[in-house]
Amino acid sequence: MKKTYVVLLVLVFALAVAYISIQAKESGGLEVVHAFIADNNELPEGITIDKTGEMFVSVGPPFFVGGGYGAIWKVSPDGSESTRLVEYPAGPAPAGLAVAPSGTVYYAVPNLGNPGGGVFRLEDGGEPELLPGTESMFVPNGLALDKQGNLFVSDSAIGAVWRMPADGSEPAEIWLQHEPVSYTHLTLPTKRIV
């Protein structure tokens, strides 16, 4: 019963956000900067903003409600321009995002046992590049960069945080992990071999 309420709450929130993405005005008011189309499965999941104010938004239905179409959008600070940078017509939808000071975008795609998941690096004007070792992640989600050039990625399914050089020079490895996550029908391992 509790799971049903959580899923419903997430769906209601996702649908509300899908109709408008907003930006706070200096006056404290809200302004629509880009409208995503829920009927096209453009449901915002992750967002990050670079040093120039450009927004990068991952969209698509979450994997836990069936997944499907996914994309990464770049939206100008005033919302007047938007560009689809990456598209996954059959899914899964990208999740978390991070952007480096250089403008390089990093994004996570859940693996779910299918090829094509992991963490990707996208240089301006380039093609997505899978970072080594990230194909072993099950549900990569939150991403963060530190000042030393490391990329950290949470893996919600196994309760772990992975670390790797953001330049992809070394494979990802588990940096922090607690006891194994246990579900009614599934126990996930505490260690993953990369």
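Some observations on this one:
- Residues residue 49 and residue 173, FRET efficiency given R0 of 41 Å [Cβ-Cβ distance, rounded to 0.05]: 0.90
- Per-residue 3J(HN,Hα) values for the range 40-47, derived from phi via the Karplus relation 6.51 cos²θ - 1.76 cosθ + 1.60 with θ = phi - 60°, read 9, 6, 8, 9, x, 10, x, 8 Hz in sequence order (x marks Gly and Pro).
- Solvent-accessible surface (1.4 angstrom probe) belonging to residue 163, in square angstrom, nearest 10: 80
- Length released on extending from residue 83 to residue 102, taking residue separation times 0.36 nm less the Cα-Cα span: 5.0 nm
- Computed from backbone phi, the HN-Hα couplings of the range 160-177 come to 10, 10, 9, 9, 7, x, 4, 7, x, 6, 9, x, 5, 9, 5, 9, 8, 7 Hz, rounded to whole numbers (Karplus: 6.51 cos²θ - 1.76 cosθ + 1.60, θ = phi - 60°; Gly and Pro given as x).
- Taking a ≥ b ≥ c as the square roots of the eigenvalues of the Cα gyration tensor, the range 47-154 is oblate, since a/c reaches 1.5 or more and a/b is not larger than b/c.
The values are calculated or read from the model by the stated rules, or taken from the named source; none is laboratory data. Since the model is a prediction, treat every value here as computed from it, not as a measurement. A quick note on method: Cβ atoms are made from the backbone with ideal geometry, for glycine too, and the neighbour counts reach across all protein chains shown. Each accessible area value is taken on the protein alone, full model and side chains, heavy atoms only, with ligands, DNA and RNA left out. Shrake-Rupley method; radii C 1.70, N 1.55, O 1.52, S 1.80 Å.
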